[in-house]
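Let me begin by presenting the structure, written as structure tokens, before commenting on it.
The values are calculated or read from the model by the stated rules, or taken from the named source; none is laboratory data. No experiment lies behind these values; they were computed from the predicted model shown. All Cβ positions, even for glycine, are placed from backbone atoms using ideal geometry, and neighbour counts span all protein chains on display.
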Amino acid sequence: MPLQIESFEAYRSAQKKSKHNPEQFWAEIANHFDWQRPFKEVHSGKMEDASTRWFGDGQINITENALDRNLRERGDQIALHWEPNDPNSEGQSFTYSELHRTVSQFGNAMRAMGVKKGERVVLYMPMVPELAIAVLACARIGAVHSVVFAGFSAQALSDRIEDAQASMVITANAGRRGAKTIPLKATVDEALKENQSVQNVIVKSVTSDPCFMDTSRDVWWKDAMLSTEPLAPCSAEIMDAEDMLFILYTSGSTGKPKGVVHTHGGYTVYAGYSFANVFQCQPGDVYWCSADIGWITGHTYIVYGPLLQGGTTIMFEGIPTFPDPGRYWAICEKYKVTQFYTAPTAIRALMACGDEHVERYDLSSLRVLGSVGEPINEEAWHWYHEKVGHSKCPIVDTWWQTETGGIMISGLGNLSPQKPAHAGYPLPGIHPVLVDPEGNTIKDNGKEGLLCIAAPWPSMIRTTYGDHERCLNTYFRPFPGRYFTGDGAKRDENGMYRVIGRVDDVINVSGHRFGTAEIESALNQTPGVIESAVVGYEHEIKGQGIHAYVICEQFPSESESIEMAKAAEGQVILGIGKIARPDRIQFVAGLPKTRSGKIMRRILRKIASGDFDQFGDTSTLLDPSVVDEIVDKAKRLI
Ligand code: WT7
């Protein structure tokens, strides 16, 4: 079987084959990659206890596949273009040979500083080439990278460093985003105040802003590089297929963020395979994903996927609206981008800025458009299709999660039928099912249910770092024998999936995922706040906005509530970051609770969405009158 499917008929037969003989199917896919030691065992273990192993007796290092393998045929081809924040300053491009050499040099620098296989390295960086280089260098030497999005606060960063017990942090003095400069090193210093595990911090100088350097701990990137022999080879660490490749923290419905673990073997296979098929890249194509490497999309579809396929990938430092809302299209024109992958929230924001910004540019190079992160609404879908794709580019609406490692349900380039707001069919090898809350399979098309995956796939989550129980409870125990996604979905009469959104207490704000519980626990840190409840509501640009209901010791007066809201907001910024700032803070005297003390979020969600009547059965509420009070205030707020 070829790695890249070439027709919809081939898709159908590959999907059939993967159902009847999954081991042979995945073995054939996996054999498209270079193994340090070939595998004999394709898959073992069970979904029930998340003991699944893929290619378990094989050995593979993802960087030999992403870099070395490409040297043979395309050493001089551009692997990575870096487009800076300021369109007037100079970018940077790396051929495969140059990228291989730089990654090797940085890998050697890390080894020289004592970083060993299996150690965790946290990356807290802006979108500069050194971020991709550091990711690859970690993988090269067998260190486990954990990239933390540079918009997270010191507290959030510190929690992640602590949970991972990282021995090194790689950062920059500062980052640029549009007209702003964000001091990153200062945040790292703050995060490391009480830390015991981190031995060294490597600091890339990105801007001319000065920053504090602790000479016993901190080293400039440039000096770390200078301490090595520039042309010395950096052997790829021998990695068992099930050795950890990275941890990426993501939010769940309860408690603190969890470290999703992915491994070298399965992730390599699935990242390369899914990229090749969804984007249908051909030699010479220039692919651009506008995500940040701090999220899974950037891991799989800026860094690993495109390089595993020998493609040319673009990394963009800035934001869609700087210096003006035409920036994305200027970049597409400049590099003659063939595949462009972005999020609905960006599409909606740009759509709102007016068509003139997109009409100015020559977008004729585009062949495939991608969407990711949340359901894409029909209006945005049509605008993207017509204004950006000139009605000739298919839109691949890619549904997946941090936990799935790669795209699960999506069109494959122009091979698949399309339907606005529908992710469509699963990739071959992926077998989704819809179930009812009791776990019964919903067989008929046209029905809504809870989205599960019925068979294991190579890049599925292996564990939540340091807490396997949590992994089991969240994903594998709700419906035994299946992976539970946390999403609700609907299958149409043709079997195409439409993913509706989360059914748990996770909200999706501009494609960023937050647990309501983590926002609440930040809000509850505010002096004078007793309790809070956070829900999502439909937001025109962000997909979902954050509505926080907050109870104070003393109900704040009109003037006090401004101060109080500011303080509460400040706690969220402190605990998580600006990205989780509530859109609305509503002070309430009480929350609708059942007699057993459970907050009835259903009611709070309804109110936040501006729907003020018919709350269904409220007879189980301890004090039904609180609802009227909340509605009353919400009417004035919304
Ligand atoms: C959640 C995962 C991996 C992509 C980036 C987000 C939602 C993602 C879609 C889509 C409808 C989508 C789901 C999912 N989601 N893509 N195409 N259509 N919903 O990764 O932060 O792990 O979030 O994003 O609700 O569960 P993430």
The condition from (1) over 22 Å from Pro283 (Cα atoms); (2) touching a helix residue (DSSP H, G or I) at 6+ places or on another chain (Cβ under 6 Å); (3) of a type outside the set (Lys, Arg) that Ile29 misses is numbered (1)
Among residues of segment 386-411 being crowded, with 19+ Cβ neighbours inside 10 Å and more than 15 Å from the ligand (Cβ to nearest atom), the residue nearest to Ile293 (Cα to Cα) is Val388
The correct count of residues that are within 18 Å of Ile453 (Cα to Cα) and not in a helix (DSSP H, G or I) in segment 1-21 is 1
Of the residues Gln77, Gln92, which single one is closer than 14 Å to Val206 by Cα and touching a strand residue (DSSP E or B) at 6+ places or on another chain (Cβ under 8 Å)? Gln92
In segment 364-388, anything over 18 Å from Gln282 (Cβ atoms) and in contact with a strand residue (DSSP E or B) (Cβ under 9 Å, 6 or more places away or on another chain) is listed as Ser371, Val372, Gly373, Glu374, Pro375, Ile376, Asn377, Ala380, Trp381, Tyr384, His385, Val388
Leu472: of a type in the set (A, V, I, L, M), crowded, with 22+ Cβ neighbours inside 10 Å and not in a loop (DSSP other than H, G, I, E, B), yes or no? no
Thr254: at pLDDT below 95 and polar (S, T, N, Q), yes or no? yes
How many residues of segment 494-522 are outside any strand (DSSP E or B), within 27 Å of Ile430 (Cα to Cα) and β-branched (Val, Ile, Thr)? The answer is 1
What is the number of the single condition among (1) touching a Ser or Thr at 6+ places or on another chain (Cβ under 7 Å); (2) under 28 Å from Trp26 (Cα atoms) that His385 does not meet? (2)
Phe149 being surrounded by 23 or more Cβ atoms within 10 Å (Cβ to Cβ), touching a residue at least 40 places away in the same chain (Cβ under 8 Å) and either outside any strand (DSSP E or B) or of a type in the set (Gly, Ala, Ser) (or both): no
Cβ pairs under 6 Å, 6+ apart or interchain, first in segment 510-531 and within 14 Å of the ligand (Cβ to nearest atom), second of a type in the set (Lys, Arg), ordered by first then second residue, are Ser510/Lys542
Residue set Arg491, Arg498; condition under 22 Å from the mean Cα position of the chain (by Cα) and at pLDDT 95 or above; output residue Arg498
Would you mind stating whether Arg491 is of a type outside the set (A, V, I, L, M, F, W, C), within 10 Å of the ligand (Cβ to nearest atom) and more than 19 Å from Ser251 (Cα to Cα)? no
Over 18 Å from the mean Cα position of the chain (by Cα), within 24 Å of Trp26 (Cα to Cα) and not hydrophobic (A, V, I, L, M, F, W, C): which single residue out of Gly265, Gly255 fits that description? Gly265
Arg602 passes all but one of (1) closer than 25 Å to Ile562 by Cβ; (2) not in a loop (DSSP other than H, G, I, E, B); which number fails? (1)
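Listed here are the residues, each with its yes/no results for (1) under 30 Å from Arg74 (Cα atoms); (2) among the acidic types (Asp, Glu); (3) at pLDDT 95 or above.
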{"site": "Pro320", "(1), (2), (3)": "no, no, yes"}
{"site": "Pro323", "(1), (2), (3)": "no, no, yes"}
{"site": "Val337", "(1), (2), (3)": "yes, no, yes"}
{"site": "Thr345", "(1), (2), (3)": "no, no, yes"}
{"site": "Val358", "(1), (2), (3)": "no, no, yes"}
{"site": "Val368", "(1), (2), (3)": "yes, no, yes"}
{"site": "Trp381", "(1), (2), (3)": "no, no, yes"}
{"site": "Glu386", "(1), (2), (3)": "no, yes, yes"}
{"site": "Asn414", "(1), (2), (3)": "yes, no, yes"}
Among (1) under 30 Å from Phe55 (Cα atoms); (2) within 12 Å of the ligand (Cβ to nearest atom); (3) crowded, with 24+ Cβ neighbours inside 10 Å, where does Ile507 come up short? (1)
Being within 30 Å of Ser216 (Cβ to Cβ), under 25 Å from the mean Cα position of the chain (by Cα), at pLDDT 95 or above and of a type outside the set (Ser, Thr, Tyr) narrows Glu64, Glu119 down to just Glu119
Hey, does segment 59-71 have a residue that's surrounded by fewer than 20 Cβ atoms within 10 Å (Cβ to Cβ) and more than 29 Å from Trp288 (Cα to Cα)? yes
Return the only residue of Ala27, Ala14, Ala10 being closer than 20 Å to Glu242 by Cβ and either touching a residue at least 12 places away in the same chain (Cβ under 8 Å) or surrounded by fewer than 17 Cβ atoms within 10 Å (Cβ to Cβ) (or both). Ala27
Given the structure, is Leu71 within 16 Å of Glu130 (Cα to Cα) and of a type outside the set (Asp, Glu)? no
Lone qualifier among Ala634, Ala568 - being part of a helix (DSSP H, G or I) and under 30 Å from Glu379 (Cα atoms): Ala634
For segment 385-436: of the residues being farther than 30 Å from Pro257 by Cα and of a type in the set (A, V, I, L, M), which is farthest from the chain's Cα centre (by Cα)? Leu415
Among (1) in contact (Cβ under 8 Å) with a residue 40 or more places away in the chain; (2) not in a helix (DSSP H, G or I), the one test that Gln554 misses: (1)
Residues of segment 358-383 being more than 11 Å from the ligand (Cβ to nearest atom) and in contact with a Cys (Cβ under 9 Å, 6 or more places away or on another chain), in sequence order, are Tyr361, Asp362, Leu363, Ser365, Leu366, Arg367, Val368, Leu369
